[in-house]
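The block underneath contains the structure these notes are about, expressed in structure tokens.
Rule-based calculations on the coordinates, nothing more; no lab input. Note that the structure is a prediction, hence the values are computed from the model and not measured. Heads up, the Cβs are rebuilt from the backbone with ideal geometry, glycines too, and the neighbour counts pull from every protein chain shown.
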Amino acid sequence: MLSILLTLFLTTLPQEGTIAFVGYTDATSQIHLLDVASGQSTPLGPKQVRGPLRWSPDGQWLACVVESDAGNAISLVPANGDAPVFIDHAQPYNQFPRWHSSGKKLAYQSGQFPDTLISVYDVDTQTESPWGGEAKGLMRPVWLRTSEFMASALPPHERDNLKLEGTGGLVAVQLLAGADGWTTQLALVLPEKSNRFPSWGYDSPDEEHSEWAVEVGRKDRAFVYESNDGGDRELFLVNRRRVYDLSNHRSADVNPVWSPEGKWVAFESYRGGRRGIYRAHRDSGRILPLLDSDKKDFWSPAWSPDGSAIVCVTRQDGAPHLVLYAIQSKESQLLPLPFTSIEHPAWKP
């Protein structure tokens, strides 16, 4: 008994908290909530769920995508097990939900390729509105917290007419027809129009590249996104009107995720030969490995609320597992779960 208590006392791995994930079986997929203290998971909400999962800021709801023969709908699933809410959509296909920091609005991608648009759902009025005006090809929206960045990025004659409905606006990826096929750019999305992201946000603004997975750091201080500028997938960081290659490696670097305090970016990389998890410092660009191996892969990182640990997915002995990893001590814990596949872990705030 003493040795058990001593181990619990010395470990720096999280001893409590809730992690949501999508668990797949041969028959269906569903949200499951993992209790970190007990290691037990319980199913939640509807079947045929697809991620990514997004917790509301207060931790009371999970936004997800539910597939059906009629299309893909955004569902808001209460964490307490009450009945889920399905948004009444104007478009049959909807995905990539993101909560505003107030918890009062939800932005997501609507429509089908290549005519996608951004929709915003108002939680209080239970109404859906299109954003971006006549712009098409808008995808994967993320919210800004304040309107300061949007105002500084727009032409001077447009700054006084911002109508952001109490938000900071949205940054999204926009699909475009390029010289050699489809390409993308970053876009600033307002209720009534969409603007191209400022040229200082690109390493090579006069060339065509495919941007993806833009993520906004704490207090809108910095942005990070994927791009094939340079030939392979790299993570570029925009900070104080300058841009630089944050991950800078000949192997693919993808899926950036900001730490809660906004100083580190966790990401997936193949630089070790297999897919592993690394972190890069926002200001220095220093890169440190978190979980990498020449025998197995690690992917889909998510930070703990205090930034002391991450959870991610791995596959060992033919079965999927979640992995807890303590940043400072480098301790890790494997959490076996009875599923054929696991996707999109998300730590409850």
Discussion item. Name the single residue that is surrounded by the most Cβ atoms within 10 Å (Cβ to Cβ) among those in the range 269-292 being small (G, A, S) and over 23 Å from A346 (Cβ atoms).
Written reply: G272
Worksheet item: Does the range 242-252 contain any residue that is in contact (Cβ under 8 Å) with a residue 40 or more places away in the chain, under 20 Å from K263 (Cβ atoms) and in a helix (DSSP H, G or I)?
Response: no
Discussion item. With the structure loaded, tell me whether V254 is more than 28 Å from Q316 (Cα to Cα), surrounded by 14 or more Cβ atoms within 10 Å (Cβ to Cβ) and out of contact with any His (no Cβ under 8 Å at 6 or more places or on another chain) or whether it fails that test.
Written reply: no
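Could you list, in sequence order, the residues of the range 92-114 that are surrounded by fewer than 18 Cβ atoms within 10 Å (Cβ to Cβ) and closer than 23 Å to L175 by Cα?
Just the residues of the range 92-114 that are surrounded by fewer than 18 Cβ atoms within 10 Å (Cβ to Cβ), to begin with: 92-93, 101-104, 112-114.
Within the range 92-114, P92, Y93, Q112, F113, P114 meet the criteria.
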Worksheet, complete the sentence: All conditions in (1) in contact with a Leu (Cβ under 8 Å, 6 or more places away or on another chain); (2) among the polar types (S, T, N, Q); (3) within 18 Å of R54 (Cβ to Cβ) are true of Q91 except (3)
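Being in a loop (DSSP other than H, G, I, E, B) and in contact (Cβ under 8 Å) with a residue 12 or more places away in the chain narrows it down to one residue among Q91, Q109, Q95; which is it?
Numbers: Q109 fails: in a loop (DSSP other than H, G, I, E, B); Q95 fails: in a loop (DSSP other than H, G, I, E, B).
Of the residues listed, the single one that is in a loop (DSSP other than H, G, I, E, B) and in contact (Cβ under 8 Å) with a residue 12 or more places away in the chain is Q91.
So, in the range 305-337, of the ones that are in a strand (DSSP E or B) and polar (S, T, N, Q), which residue ends up farthest from P289 (Cα to Cα)? Walk me through how you get there before you give the answer.
Of the range 305-337, the ones in a strand (DSSP E or B) are 309-316, 319-326, 332-336.
With polar (S, T, N, Q) added as a condition, the list becomes 314, 316, 332-333.
Numbers: T314: 16, Q316: 20, S332: 13, Q333: 17 Å.
Within the range 305-337, the match that is farthest from P289 (Cα to Cα) is Q316.
Does L117 meet the test of being crowded, with 20+ Cβ neighbours inside 10 Å, closer than 12 Å to A187 by Cβ and touching a residue at least 24 places away in the same chain (Cβ under 8 Å)?
Working: crowded, with 20+ Cβ neighbours inside 10 Å: yes; closer than 12 Å to A187 by Cβ: yes; touching a residue at least 24 places away in the same chain (Cβ under 8 Å): yes.
It is true that L117 is crowded, with 20+ Cβ neighbours inside 10 Å, closer than 12 Å to A187 by Cβ and touching a residue at least 24 places away in the same chain (Cβ under 8 Å).
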Worksheet item: For the range 259-268, how many residues meet the condition of being surrounded by fewer than 21 Cβ atoms within 10 Å (Cβ to Cβ) and in contact with an Asp or Glu (Cβ under 8 Å, 6 or more places away or on another chain)?
Response: 2
Item to complete: Just need a number here: residues in the range 121-137 that are without any contact (Cβ under 8 Å) to a residue 60 or more places away in the chain, crowded, with 22+ Cβ neighbours inside 10 Å and closer than 17 Å to V173 by Cβ.
Response: 1
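How many residues are closer than 22 Å to V238 by Cα and part of a loop (DSSP other than H, G, I, E, B) when one looks only at the range 132-183? Before the answer, list the steps.
Here is the first cut: in the range 132-183, the ones closer than 22 Å to V238 by Cα are 138-156, 159, 167-176, 183.
Those still in the list that are part of a loop (DSSP other than H, G, I, E, B) too: 144-147, 154-155, 167-169.
Counting residues in the range 132-183 that are closer than 22 Å to V238 by Cα and part of a loop (DSSP other than H, G, I, E, B) gives 9.
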